[in-house]
Amino acid sequence: MRAAAADQVEPAANKYLIAALAWAIPGAGHLVLRRRQKGLTFLVALTMMFATGLWLEGRIFPLGFDLYQPLVGLAAIADLGIGLPYFIAKFMGHGAGRVVAITYEYGNAFVIVAGLLNLLVVLDAWDVAEGRK
Amino acid sequence: MTTHVGLMALFSIFVSVVFATLMRDEPRDQLWFGVRLFAGFIGAGIGIGWLLYPLPL
């Protein structure tokens with residue numbers, strides 16, 4: 001995939017800072033790199049996807065590794081991919097997850113995939129910061 | 001909205017929007033790619049659903 005010549009940017013000064021920002025706030029890395037349309041789209045779509053997962057009574061899985069439930073640890077890492085919204089939701093008491101709710105598993109899928117997609121967005125921001133795109 | 005098909009469509013919209021924005025740079029290309037991706041998700045979901053329909057649970 002090749003970016004248009006007009007979109008090419010010089011390598012950013014601090015790629016690590018941009019990657020951290022892109023992780024913490026979905027789309028923020030692209031906004032800092034002046035990819036306004038992409039940044040805003042990621043900000044709205046990923047935040048809404050995460051919020052929809054919580055609305056569907058999905059669970060924010062706790063960090064930590066349990067030998068008997070290794071998938072919980074992996075789900076927690078995926079959840080954490082969304083960045084600050086993970087901590088804000090936890091702080092506000094959301095994401096307890098109601099297992100008996102009919103939408104529980106759907107909610108988990110939304111929350112987990114939102115986190116994983118944001119990790120892809122972080123990698124894309126890294127590529128842009130390096131001047132590869 | 002909280003039916004299986006409704007949530008599948010909602011999920012497909014979110015994923016299609018993010019992938020189209022990631023993989024294409026021009027808004028027109030993003031729209032076209034996103035629509036095709038969304039149609040693929042819905043088509044595959046319904047197609048696989050019908051394939052599994054005769055299987056006993």
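Converting phi to 3J(HN,Hα) with the Karplus coefficients 6.51, -1.76 and 1.60 and the offset θ = phi - 60°, region A:91-103 yields 4, 7, x, 8, x, 5, x, 9, 4, 7, 5, 5, 9 Hz in sequence order, with x at every glycine or proline. With point charges of +1 on the Cβ of Lys and Arg and -1 on the Cβ of Asp and Glu, referenced to the Cα centre of the protein assembly as shown, which listed residue (A:A78, A:V32, B:F38) lies farthest in the positive direction of the dipole? Positive-most Cα among the choices belongs to A:V32.
For chain A, what does the equivalent ellipsoid look like in terms of its semi-axes, each the square root of 5 times an eigenvalue of the Cα gyration tensor, given largest first in whole Å? Intermediate values should be presented prior to the final figure.
Details: eigenvalues 191, 44, 27 Å².
They are 31, 15, 12 Å, listed largest first.
Working from label points 7 Å from Cα in the Cα-to-Cβ sense, the A:F65 to B:I46 distance is 4.5 nm.
Under the definition of partner shielding as Cβ atoms of other protein chains within 10 Å of a residue Cβ, what is the mean value for peptide B:19-27? Working shown, then result.
Numbers: counts 2, 2, 12, 10, 2, 2, 10, 4, 3.
Mean inter-chain Cβ contacts per residue within 10 Å come to 5.
Counting Cβ atoms of other protein chains within 10 Å of each Cβ in A:52-59 and taking the mean gives 1. Under 5 Å from the amide H of A:G97 lie the amide H atoms of A:I60, each residue being 5 or more positions distant or on a separate chain, with H modelled from the backbone and absent for Pro and chain starts. Using a cut-off of under 20 Å, list every residue of region B:1-42 whose amide N is near the label point 7 Å from the Cα of B:Y53 along the Cα-to-beta-carbon line. From region B:1-42, the list is B:3-9, B:40-42.
Ordering A:W55, B:I13, A:G107 by Cα displacement along the dipole of the protein assembly as shown toward the positive end leaves B:I13 in first place; charges were set at the Cβ atoms of Lys, Arg (+1) and Asp, Glu (-1). Annotation: lysines with alpha-carbon distance below 29 angstrom to A:K133 (same-chain offsets under eight excluded): A:K15, A:K38. Net charge dipole, chain A: roughly 340 debye, given to the nearest 20, about the Cα centre with Cβ charges of +1 for Lys and Arg and -1 for Asp and Glu.
Read the figures in this text as sums done on the coordinates, not as results from a lab. Computed from a predicted model, the values in this text were never measured in an experiment. Note that we place each Cβ from the backbone using ideal geometry, even for glycine, and neighbour counts take in every protein chain shown.
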